[in-house]
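Below is one structure; the comments refer to it alone.
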Amino acid sequence: MKVDIWSDIRCPFCYVGKKKFENALEQFPDAEKIEITWHSFQLDPNLVTQPDTNPYDYFSKAKGIPVEQAKAMHEHAKNAGKEAGINFSFDESKVANSFKGHLLIQLAKKKNLANEMEEALFEAQFITGKNIDDETTLVEIGKSVGLAAEDISNAFNSDELANAVAQDGLMARQLGINAVPFFVFNDKYGVSGAQQPEHFLEVLNASWKEFSAGDKGLQIISQGESCDTDGNCD
């Protein structure tokens, strides 16, 4: 059974959602029969990489809010991360465009390493404070999950991979997705946001029962904490 996940590696709740979904999957008896496909979704394609800019100052300016309010919003995400076993280090996060990172995710999909690449890029963005728009950094990250350095370098100029990123975005728009993470179970049930593991497990069980019924048509059955294209994360 398929589970499609739209995510941006700059989205903290996408990382939280990944961890909570994995927690649910560990409890699902037929986990080995679940085929997970990661899809690219850029929350801010036009973001200009500014690795030396304070992340709170950037968010404050981008949202037109006081810096203290920006810090409070990040604190909310930090608490959600702790619940999922993530220790966010927002102080060290780099303001960086995620497009090149998504190129690596598309490359990793070809090698059945997409999940490992997602995890490594989330960690780079939110834990170790690396620049996910820096090609040298991305080569090292890609190599750490098993990709060849030459393939990674070629990915940065690959029209095929760039088109794959664009196609994922187009598919999201066609489905009405404007916030991530977004999970689609069995081409039928849409779950928005970083839900609790027990809710993901409930949807896994329901979807599995209907897997062979052939009942299609996306239904959004729940919404949780996510980040949208206007820069809101809640």
Worksheet item: Which values, in whole Å and largest first, are the semi-axes of the equivalent ellipsoid of the range 73-156 obtained as the square root of 5 times each eigenvalue of the Cα gyration tensor?
Response: 25, 14, 9
Item to complete: Holding the Cα-Cα limit at 27 Å, pick out from Lys18/Lys61; Lys19/Lys143; Lys143/Lys188; Lys63/Lys111 the pairs that are longer than that.
Response: Lys18/Lys61; Lys143/Lys188; Lys63/Lys111
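In whole percent, and with a 1.4 Å probe on the protein chains, what portion of the accessible area of the range 32-161 is carbon and sulfur? Intermediate results must be reported in sequence, preceding the final value.
Details: 2890 of 6490 Å².
That share works out to 44 percent.
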Worksheet item: Semi-axes, largest first, in whole Å: what does sqrt of 5 times each Cα gyration tensor eigenvalue give for the range 1-50?
Response: 27, 12, 5
Fill in: For Asp52, solvent-accessible area (1.4 Å; no DNA, RNA or ligand), Å²
150 Å²
Worksheet item: So what are the radius of gyration and Dmax for the Cα set of the range 41-117, in Å?
Response: 14.7, 44
Worksheet entry | Packing-based order for 148-154, 54-60, using average beta carbon neighbours within 10 Å, highest first | 54-60, 148-154
Worksheet item: When the solvent-accessible surface of protein heavy atoms is calculated with a 1.4 angstrom probe, in what order do Met117, Met73 fall, highest first?
Response: Met73, Met117
Worksheet, complete the sentence: Correct semi-axes for the chain, from √(5λ) of the alpha-carbon gyration tensor and rounded to whole Å with the largest first, are 27, 22, 16
Fill in: Under 5 Å, built H, 5+ apart or other chain: amide partners of Thr37
Val3, Asp4, Ile5
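The values are calculated or read from the model by the stated rules, or taken from the named source; none is laboratory data. Because the structure is predicted, anything quoted here is derived from the model rather than measured. Ideal geometry is used to build each Cβ from the backbone, glycine not excepted, and the neighbour counts take in all protein chains shown. Note: areas computed on protein heavy atoms with side chains; ligands, DNA, RNA excluded. Shrake-Rupley method; radii C 1.70, N 1.55, O 1.52, S 1.80 Å.
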